[in-house]
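The values are calculated or read from the model by the stated rules, or taken from the named source; none is laboratory data. Quick caveat, the model's predicted, so the values are computed rather than measured. Here the Cβ is made from the backbone with ideal geometry for all residues, glycine too, and neighbour counts use every protein chain on show.
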Amino acid sequence: MITRRTFVKKASLAAGIAAVSGGVGCFENKPHKEETMKFSELIEARRSVRKYAKAEISKDEMAKIVEEALNAPSWKNTETTRYYAAIGDDAKAKIWSDALPGFNAASSENAAALVAVTFVPGQSGYMGNTPANELGEMWGAYDCGLASSYFVLAAKDHGWDTLIMGIRDTAKVKAILNIPEKEILTSVIAVGKSAQPYFKNPRKPVAEVLKVV
Ligand SMILES: Cc1cc2nc3c(=O)[nH]c(=O)nc-3n(C[C@H](O)[C@H](O)[C@H](O)COP(=O)(O)O)c2cc1C
């Protein structure tokens with residue numbers, strides 16, 4: 001959960017950076033929060049974090065976040081997304097040294113967890129044993145993306161920041177986390193406590209991405 005204290009702290013940091021950077025539009029002052037965020041505030045607050053303070057996450061809290069992410073829709077409710085959460089120092093160290101490129105290892109340093117997200121092929125997007133249409137296995141990736149969205153938002157709601165990393169060494173991640181050969185790896189998601197000011201990457205104007213007929 002985002003407490004008033006953490007939220008106010010981030011808002012103050014953002015305001016401070018905006019002041020020293022001449023009010024660059026990427027930094028926003030956020031309203032104070034009482035207890036938990038409304039959904040509209042949560043999706044604003046979730047941003048990719050590339051600098052973490054040391055923190056630990058319990059197995060139970062990770063399980064709670066994944067339980068909430070399981071509310072994501074999936075093809076025929078097939079729920080083919082799987083999570084492999086490295087929360088121990090040894091597993092995380094191996095992933096940082098062997099399976100992530102230097103820039104992603106640096107961005108996720110100190111993260112409490114590195115979570116490999118995969119999907120089981122041959123189910124999502126299928127009618128029986130046959131792919132339902134031209135997207136084929138892409139439906140599995142589609143479901144996995146939806147599940148990952150729910151995961152990062154649920155994590156944020158629990159007070160954890162995240163970084164989705166698509167750039168990683170597939171074979172090494174799978175070997176380190178003992179992921180079954182047939183599963184398809186999508187990303188590794190860092191989960192941790194932000195040590196950077198709130199930063200919003202600019203977005204396209206709605207008119208560029210929405211056509212209403
Ligand atoms: C599928 C996917 C793969 C990504 N891979 C990486 C990555 O390897 N390294 C990284 O620093 N950011 C990665 N990102 C984060 C994006 O750069 C980020 O989401 C985007 O710039 C928007 O910023 P925001 O998340 O702060 O809103 C990835 C995001 C997605 C959805």
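Exactly one residue out of 208, 181 is assigned to a helix (DSSP H, G or I) and away from the ligand (no atom under 13 Å from the Cβ), and it is 208.
In the condition set (1) within 11 Å of the ligand (Cβ to nearest atom); (2) surrounded by fewer than 19 Cβ atoms within 10 Å (Cβ to Cβ); (3) outside any helix (DSSP H, G or I), residue 189 is compliant with all but (2).
Criterion applied to 99, 93, 106 was being crowded, with 17+ Cβ neighbours inside 10 Å and either in contact with a strand residue (DSSP E or B) (Cβ under 8 Å, 6 or more places away or on another chain) or in the same structural domain as residue 56 (by TED's automatic domain parsing) (or both), and the one residue passing it is 99.
Of the residues screened, residue 175 is not one that is modelled with pLDDT of 95 or more and either in a strand (DSSP E or B) or in contact with a Cys (Cβ under 8 Å, 6 or more places away or on another chain) (or both).
Check whether at least one residue in the range 104-114 is in a loop (DSSP other than H, G, I, E, B), among the aliphatic types (A, V, I, L, M), within 16 Å of the ligand (Cβ to nearest atom) and out of contact with any helix residue (DSSP H, G or I) (no Cβ under 8 Å at 6 or more places or on another chain), and report yes or no. No: zero hits.
Number of residues in the range 157-167 that are within 12 Å of the ligand (Cβ to nearest atom) and either without any contact (Cβ under 8 Å) to a residue 24 or more places away in the chain or buried (at least 20 other Cβ atoms within 10 Å of the Cβ) (or both): the value is 5.
When residue 124 is tested against (1) away from the ligand (no atom under 16 Å from the Cβ); (2) polar (S, T, N, Q); (3) buried (at least 18 other Cβ atoms within 10 Å of the Cβ); (4) not in a loop (DSSP other than H, G, I, E, B), only condition (4) is not met.
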